[in-house]
Amino acid sequence: MEKNNLDNLFKDNLKNFNEVPEEGVWKKIEASLDKNKKNRVVPIWWQLGGVAALLAILFYVVNPFGSNEGNETIIITDIQNTKTDNENDMKEISPISEEKEGVQPVEVTSNSTEKSKTSLAKSTQKTISKDNKDQQQGLVASNDNIKTKKELSNRLQMAEIQNDTISNQQAIAEVSTLNEKSSLKNSQIENQNSLEIDEENAVGQVDKTNGTKKSIYDAIAEQNQDEKEVIIEKNQNRWAMGPSVAPVYFDAQGQGSPIHSNFATNSKSGSLNLSYGLQVSYGVSKKLSIRTGVHKVDFGYDTNDVVFSSSLQASTSDLIDNISYSQASRNLVVESKSRSQAATNDVAFSEFNAASPALEGRMVQQMGYLEVPLELNYALIDKKFGVNVIGGVSSLFLIDNSVSLESGGLVTEMGSANNVNNVNFSTNVGLGFNYDFSSKIQLNLEPVFKYQLNTFSETAGRFRPYSIGVYSGINFKF
Amino acid sequence: MSLEELIDNCKKGQRKSQEELYRKYSGILFGMCLKYSRNKTEAEDNLHDSFMTIFDKIGQFNHKGSFEGWIKRITVNTVLQKYRKERHLDVVTENYGEVMDVEVKESDISLSRLLAYIQELPNKYRLTFNLYVMDGHSHKEISEMLGTSTGTSKSNLARARMILKEKIEKENINIA
């Protein structure tokens, strides 16, 4: 047999060979899917349980999103038609408490109203739904946001609703996505009703009124394109919040000293500190989000090669202007080592130095701040693993300020610097890497460079402080 | 529901849609698995693993290109991965009885026989034959997929053809 004949024999018979597997295979796949789900979700929640509890407490105390945002998922709990015309039946939509479950009740409504030509107008967004079997329905959601626009309930200009209700809510967004596509393709809306939601009771009452079908249909056609974009955005979790922690390295460019010109030429070394806090972000669009938060951050640096001694006759001329000395340290004389050596050549100083031996060491300046950043986060890669560019400014509020001397293992408090501004700013540039554990939980790692603008009111020489921090944290999206 | 919607719902992890997707494609993919595997049981295992990968990675499918092509690639890769792992077990498995016992209609005897012949081939020969003849890959592609050289791939194909030829000739004598 020729090779080609052999190949063709198999190819012709088996190339598109198709066989339905036994039912048991699907059962196994289903079981594995269930198992994977459990494996994935449970350990993360165990690990993050502590953090979640902490957040829950914070939410309770701070409630950063106000009643408006927070209550929205509850608002749609009950939807009833209060007025019906001859074609409409009373419908009740069962309570929606969670995002996923939120999809179900509306589907149920769709089925139950299949035969009656019913359109419902509902709160956050309008959704015109129509099932595949040419049944006509419109589901338009309206929520308390719209309440102010009374004419909407009569006219239902879809475009306006769309624009007015862009703010949103996850459950409805999901529902609308589901219903939207099929409906837009072939909808003919005969009746339409609007729902008005009783805000005070947090219970939606559906108020059906007749409207003109043409206006809705036209509006839908016009808004078709915009809508899709908006829906995509709505599907995102706009808000994210989470703790963040970072090692922060503080140092300065240029020679100079914020303490005294004497120390301008001394070498400075930056120090590593910890920053921790909470950050909140809001997605403006799919790619762009704005974020803020509160971080506690410590900055510090050392001025090396410092000589200090205590003088019995402390004179004001020996004091450094930029330091407010603590009571106990008033008779400390601190000098740069190089200056001190030069001074020993001076006869007048040699006696002084002999009388009180000087200690060599370093001068440590520490500042603690509450940092409130305002940053824009632009997603370069927006997948399970994401890369972002971060840019923005921070306001830093001084809460801790000290200067101390260290020699060997000894630490002596000097006082606090009086040229440190109570409020200063920094410009921030960074890269963000994130990894989505699930649609709700995201792990972040963000190296950020922060250039400090006005940490000190006066410095000797060019002392330009900056900080570099690698912020890591977990974001919870909702 | 369009395929696109079905895929999107699978991305959200909706079980009903996952099942629908399975029903839609399990026939094609099981056919592939049968050709690439040693027997029905292994084919079922491979089909299971393939669908697990498909549901796991479906979020990465961006509607560019054919979905069917995408899931077929996943299936082939799943199978290749499996048999690459057990390369040292690369011996002919005696599976005649099991496969031949299947009752078939006269009209498709040759088809199930042909399938059995392929399944009886040693791993490397079977994979090479399938990749080359059924799925139209070049020897260069096959050598990359299997981590061998093109020369090995060519000789594997030649050996596969020889074995198949012998089996068919033997069968023809039996029939005659």
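Things worth noting here:
- The residue that is farthest from the other protein chains (Cβ to nearest Cβ), counting only those in the stretch B:1-25 that are within 14 Å of B:Phe55 (Cα to Cα) and of a type in the set (Asp, Glu), is B:Glu20.
- Contact map, the stretch A:12-27: first residue at the interface with another protein chain (Cβ under 7 Å from one of its Cβ atoms), second residue among the hydroxyl-bearing types (Ser, Thr, Tyr), Cβ cut-off under 8 Å, separation 6 or more or different chains; pairs are A:Asn13/B:Ser110; A:Val20/B:Ser26; A:Pro21/B:Ser26; A:Val25/B:Ser26; A:Trp26/B:Tyr22; A:Trp26/B:Ser26.
- Any hit, the stretch A:283-292, residues being more than 30 Å from A:Leu380 (Cα to Cα) and either outside any loop (DSSP other than H, G, I, E, B) or at pLDDT below 80 (or both): no
- Of the residues B:Gly147, B:Gly136, the single one that is modelled with pLDDT of 90 or more, surrounded by fewer than 18 Cβ atoms within 10 Å (Cβ to Cβ) and on the phi > 0 side of the Ramachandran plot is B:Gly136.
- A residue that is crowded, with 21+ Cβ neighbours inside 10 Å, more than 23 Å from B:His137 (Cβ to Cβ) and facing chain A (nearest Cβ under 8 Å) can be found somewhere in the stretch B:26-40.
Here is a yes/no grid of residues against (1) among the small types (Gly, Ala, Ser); (2) within 12 Å of another protein chain (Cβ to nearest Cβ):
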{"site": "B:Leu131", "(1), (2)": "no, no"}
{"site": "B:Met134", "(1), (2)": "no, yes"}
{"site": "B:His137", "(1), (2)": "no, no"}
{"site": "B:Ser149", "(1), (2)": "yes, no"}
{"site": "B:Ser153", "(1), (2)": "yes, no"}
{"site": "B:Leu164", "(1), (2)": "no, yes"}
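- Verdict on A:Asn434 being crowded, with 17+ Cβ neighbours inside 10 Å, modelled with pLDDT of 85 or more and over 27 Å from the mean Cα position of the chain (by Cα): no
- Considering (1) closer than 30 Å to B:Lys12 by Cα; (2) crowded, with 20+ Cβ neighbours inside 10 Å, the lone condition that A:Val389 does not fulfil carries the number (2).
- A:Ala417 passes every criterion in (1) over 30 Å from A:Asp382 (Cα atoms); (2) surrounded by fewer than 17 Cβ atoms within 10 Å (Cβ to Cβ) apart from (2).
- For B:Lys82, the requirement of being over 22 Å from A:Phe10 (Cα atoms), away from chain A (no Cβ under 12 Å) and modelled with pLDDT of 55 or more is met.
- Tally of residues being in contact with a Phe, Trp or Tyr (Cβ under 9 Å, 6 or more places away or on another chain) and within 11 Å of another protein chain (Cβ to nearest Cβ) across the stretch B:166-176: 2
- Those strands (runs of 3 or more DSSP E) of the stretch A:358-475 in which at least 3 residues are closer than 28 Å to A:Arg238 by Cα, considering only elements entirely within it, cover A:359-382, A:385-407, A:423-436, A:441-452.
- All positions within the stretch B:41-64 that are hydrophobic (A, V, I, L, M, F, W, C), within 10 Å of chain A (Cβ to nearest Cβ) and either surrounded by fewer than 22 Cβ atoms within 10 Å (Cβ to Cβ) or touching a strand residue (DSSP E or B) at 6+ places or on another chain (Cβ under 8 Å) (or both): B:Met52, B:Phe55
- Any chance A:Asn39 is modelled with pLDDT under 90 and more than 7 Å from chain B (Cβ to nearest Cβ): yes
- Pairs meeting the criteria (first residue in the stretch A:386-400 and of a type in the set (Asp, Glu), second residue at pLDDT 90 or above and surrounded by 17 or more Cβ atoms within 10 Å (Cβ to Cβ), beta carbons under 7 Å, at least 6 apart or on different chains) are A:Asp400/A:Gly368.
The values are calculated or read from the model by the stated rules, or taken from the named source; none is laboratory data. Note that the structure is a prediction, hence the values are computed from the model and not measured. All Cβ positions, even for glycine, are placed from backbone atoms using ideal geometry, and neighbour counts span all protein chains on display.
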